[in-house]
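The values are calculated or read from the model by the stated rules, or taken from the named source; none is laboratory data. If you're wondering where the values come from, they're calculated on a predicted model, not measured in any experiment. We place every Cβ from the backbone using ideal geometry, glycine too, and count neighbours over all the protein chains shown. SASA here: full protein model, heavy atoms, side chains in, ligands and nucleic acids out. Shrake-Rupley method; radii C 1.70, N 1.55, O 1.52, S 1.80 Å.
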Amino acid sequence: MSDVSGRVILKTALHARTSALCASDTWTRVCSFAVPLVYSSEREECEALVARAGIADISARHCLRFDGPDAAGFLGFATTHDAALIGLGQTARVVWCDDSGWVRGEGLLARLDEGCFELTSVVCDHAWFADGALGFNVRVSDRTGQRGGIGLRGPYAEAILELAGFLGVPERASREAEPAVRGSGWRQSQVLLLRAAEGFELWMDAAGAAVVWDRLMRVGAGFGVQPVGARVLEHARIEAAQPLAGTDWSPSPLAMRAQDLRTPQDLGVEPDPLRRFNGSEALAQRRRGCGSRLVQLSSLRPLARGELIGKGGSAGMITSVAASPATERHVALAWIRDELARPGISLGLPGTSGVLDIDVVRLCHS
């Protein structure tokens, strides 16, 4: 797909399946694609993620393919991560910066073959990568809309994958280990199975996406698998303290103010100071940090996006909010001043209905 305009709403590879299951007929737009906001009810979908298994259409993400002998070398220069160190069948979280060292985007980079990588992200930056590849023996192709993505998470997710015949499920690893990605034993040449932090992801060509979805739904019926819409996925993301580009931080081309710009360190990425990558020289000369840290907050009262005002002026800015059914509390992600961004600290901030008691639960990048 050479051009995806932000003014149009497109259908994902799984639209025929998701539209038939979307009883609420409520939709939202993700990266120019229409996806269900809620299938049946938020409570049912939350219960599925926590107690059984939830399946989701994640095909709306942008997908770039890098093929060629110089693919690893180019990606090692374009991003802050040395792509040559990514083993076959492994993934890495990568960020890429503009010439001034500000972050343009982040995504998950998978090495499929010696000279083949695939990058999935919510940030659309195909033109920037294509321009930067000039002079390298690498071909950059935009696979957005040509790939189908299925997310599967919950206690029974792995059991469903095994019974469905996806034999390449990576063995369980420690929290510190990199996520793993392997070709599935079932239709191995077509399905890519990835273990992400929040569960599993399956990626395949758009033409075969419905077949994989149907198989997972049939096998998962005995486990109570439930389609999960964008709203519940968003709440789960905030509860897991996973920031989202364009919501919790702005890619540099979209930043409206200088204070919205972020360095890799602000997003929890510590580049090798001895490596040369795009923007590394400017980054080395800049004062580290933006003066704030991204944290997860918790409160008994509803929170709202916007500025937090406390003693001494602004305490920070809330960027994402959600209600947590499991804890019966309200959670949020926020950029908080460095001196306040410590787990366990309590913020007593004035609100419209009295003082809001807000606790800092954890740092989002630690």
* Structure fact -> Given the conditions (1) over 17 Å from the mean Cα position of the chain (by Cα); (2) within 30 Å of Leu14 (Cα to Cα); (3) of a type in the set (A, V, I, L, M), every one holds for Leu297 apart from (2)
* Exclusive hit being of a type in the set (A, V, I, L, M, F, W, C) and at pLDDT 95 or above, set Met204, Met217, Met256 -> Met217
* Of all residues in region 29-45 being touching a Pro at 6+ places or on another chain (Cβ under 9 Å) and buried (at least 19 other Cβ atoms within 10 Å of the Cβ), which is farthest from Thr12 (Cα to Cα)? -> Glu45
* Residue within region 225-238 that is open to solvent by 50 Å² or more (accessible area, probe 1.4 Å) and touching a residue at least 60 places away in the same chain (Cβ under 8 Å) present -> yes
* **Leading residue by the ranking (farthest from Ser250 (Cα to Cα)) among those in region 105-120 that are crowded, with 22+ Cβ neighbours inside 10 Å and charged (D, E, K, R)** => Arg111
* Can you name every residue in region 318-343 that is without any contact (Cβ under 8 Å) to a residue 24 or more places away in the chain and in a strand (DSSP E or B)? -> Ile318
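Taking the options Gly224, Gly246, Gly220, name whichever one is farther than 28 Å from Asp359 by Cα and out of contact with any helix residue (DSSP H, G or I) (no Cβ under 6 Å at 6 or more places or on another chain).
On the way: Gly246 fails: farther than 28 Å from Asp359 by Cα; Gly220 fails: out of contact with any helix residue (DSSP H, G or I) (no Cβ under 6 Å at 6 or more places or on another chain).
Selected residue: Gly224, the only one of Gly224, Gly246, Gly220 that is farther than 28 Å from Asp359 by Cα and out of contact with any helix residue (DSSP H, G or I) (no Cβ under 6 Å at 6 or more places or on another chain).
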* Identify the residue in region 256-276 that is touching a residue at least 60 places away in the same chain (Cβ under 8 Å) and out of contact with any strand residue (DSSP E or B) (no Cβ under 9 Å at 6 or more places or on another chain) and, among all such residues, is least open to solvent (accessible area, probe 1.4 Å). => Arg275
* Asked: Out of region 240-251, which residues are in contact (Cβ under 8 Å) with a residue 40 or more places away in the chain and open to solvent by 20 Å² or more (accessible area, probe 1.4 Å)?
  -> Ala240, Gln242, Pro243, Leu244, Gly246, Thr247
